[in-house]
Amino acid sequence: MIANKLGNDKMITKQEMIKLSLYADNKTITFEAVLEGLGDNSILGIYKISDNFLLRNNVNLNYIYDKLINSGLNYLIIIRSLIKHLQTLLYAKSLANKNVTSIRPPLHFSRHDNIQMQLNSLSITKIENKLVELNFLEKKCKIFPSLSNVLVKEFLILH
């Protein structure tokens, strides 16, 4: 359960296990206490999807999507995260920001390379078109909630 919740980063998992053992202080702790005490790496998965979106690289967005869904997130959070990310890119492009470090509020340095590639490769028109497509996808998922995961995964594969 801990590995599923935290992802496959062994150092993070190890550190969380150490924190839990210190918290337990050689006593039994409940499953609920473990759940409440754990960090959540789902935001890292969302960043991984948005930062690699529309880049033709070797990141398996469908795998990351499945991990996020299994961790308890739903398709709506992921779609809206993509929309927010593209809006940030659009805003940066409209201000003629050519460098990721000029985006405000500042982004974590680990995200800079992929976002810089997005800024360099995506035109304002392409970003606007993808925003329209994401809005249409959100509407379609709300109309057909039982198909939402398939629709999102198809969208990620095709784009």
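Since every read-out is calculated from the coordinates, none of them should be taken as a lab result. Everything quoted here is computed from the prediction, not taken from an experiment. Neighbour counts run over all protein chains shown; Cβ positions are idealised from the backbone, glycine included.
Read through the labelled values [x] 23.5; [y] 12.6; [z] 10.7 and report the label of the one computed as mean projected area of the Cα convex hull in nm² from the structure. Step by step, mean projected area of the Cα convex hull in nm² for this structure corresponds to label [z].
If the chain linking LYS142 and LEU22 were pulled fully straight, counting 0.36 nm for each residue of separation and taking away their Cα-Cα distance, it would gain 38.8 nm. Placing +1 on the Cβ of every Lys and Arg and -1 on the Cβ of every Asp and Glu, with no other charges, gives the chain a dipole of roughly 420 debye about its Cα centre.
Place a +1 charge on the Cβ of each Lys and Arg in the stretch 111-159 and a -1 charge on the Cβ of each Asp and Glu, then give the dipole magnitude about the Cα centre in debye, rounded to the nearest 20. Let's see the in-between values first.
On the way: 7 positive and 5 negative charges, 27 e Å.
Once rounded to the nearest 20, the dipole reads 120 debye.
Report the local net charge at THR101: Lys and Arg +1, Asp and Glu -1, summed over other residues whose C-beta lies under 12 Å from its C-beta. Don't skip to the end; give the middle numbers.
Numbers: positive: LYS98, ARG104, ARG111; negative: ASP113.
With Lys, Arg at +1 and Asp, Glu at -1, the net is +2.
Quickly estimate the mean residue ellipticity at 222 nm for the chain, helices only: each DSSP H run with n ≥ 4 gives -39500 (n - 2.57), and the total goes over all residues, rounded to 500. Please report the intermediate quantities before stating the final value.
Working: 9 runs with 109 residues, N = 159.
Helices in the chain give a 222 nm mean residue ellipticity of -21500 deg cm²/dmol.
Using a cutoff of 8 angstrom between alpha carbon atoms and counting only pairs six or more residues apart, the relative contact order for the stretch 41-158 works out to 32 percent. The calculated FRET efficiency for the pair LYS84 and MET11, based on their C-beta separation and a Förster distance of 35 Å, comes to about 0.75. Working ranking of peptides 67-76, 97-106, 124-133, 20-29 by packing, defined as the average number of other Cβ atoms within 10 Å per residue, highest first, is 67-76, 124-133, 97-106, 20-29.
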